[in-house]
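Report on one structure; see the data block that follows.
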Amino acid sequence: MTGVMDDFAGRLDRIRRRLGLTQAALAAAAKLSPGTVAFLEQRRRAPKLSTVMALAKALGVNVDDLTGAA
């Protein structure tokens with residue numbers, strides 16, 4: 001599970017930064033708390049499917065882009 005979380009956290013961080021968003025801005029766009037985004041990027045929390053979907057929508061990417069599913 002750790003490898004999956006590491007991959008997700010890295011993808012989330014890279015996409016967010018590439019778009020020039022702060023954790024707080026992404027959280028607001030996804031209707032999540034800033035702490036949730038921070039915890040996900042720090043690998044301190046595993047995301048729920050609903051959270052992944054909200055983040056993908058806010059980032060304008062597919063869920064697969066965040067999860068690495070091909």
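The values are calculated or read from the model by the stated rules, or taken from the named source; none is laboratory data. Everything quoted here is computed from the prediction, not taken from an experiment. Glycine gets a Cβ as well: all are built from the backbone with ideal geometry, and neighbour counts include every protein chain shown. Please note that ligands, DNA and RNA were not included when accessible areas were found on the heavy atoms of the full protein model with its side chains. Shrake-Rupley method; radii C 1.70, N 1.55, O 1.52, S 1.80 Å.
Full extension of the segment from Phe39 to Val61, taken as 0.36 nm per residue of separation minus the current Cα-Cα distance, would add 5.9 nm. Take every pair of alpha-carbon atoms less than 8 Å apart whose residues are at least six positions apart; their mean separation over the length of the chain yields a relative contact order of 37 percent. Rolling a 1.4 Å probe over the protein heavy atoms of the chain, with every protein chain left in place, gives an accessible area that is 54 percent carbon and sulfur. Remark: the chain carries a charge dipole of roughly 200 debye about the Cα centre, counting +1 on each Lys and Arg Cβ and -1 on each Asp and Glu Cβ. Length gained on full extension, Leu49 to Asp7, computed as 0.36 nm times the residue gap minus the Cα-Cα distance: 13.6 nm.
Once Rg and the Kirkwood radius are both taken over the C-alpha atoms of the chain, their ratio Rg/Rh works out to 0.91. 3J(HN,Hα) along the stretch 53-69: 5, 5, 5, 4, 4, 5, 8, x, 10, 7, 4, 4, 5, 7, 8, x, 5 Hz, from the Karplus curve 6.51 cos²θ - 1.76 cosθ + 1.60 with θ = phi - 60°, whole Hz, x for Gly and Pro.
Across the stretch 38-49, rounded Karplus estimates of 3J(HN,Hα) from the backbone phi angles (6.51 cos²θ - 1.76 cosθ + 1.60, θ = phi - 60°) give 4, 4, 5, 5, 8, 6, 9, 8, 8, x, 7, 4 Hz, Gly and Pro being marked x.
Before I look further, what does the chain give for accessible area per residue, probe 1.4 Å, in whole square angstrom?
Values: 4250 Å² over 70 residues.
Counting only protein heavy atoms, the per-residue value for the chain is 61 Å².
Computed per residue of the chain from DSSP H runs no shorter than four, each worth -39500 (n - 2.57), the mean residue ellipticity at 222 nm is -20500 deg cm²/dmol.
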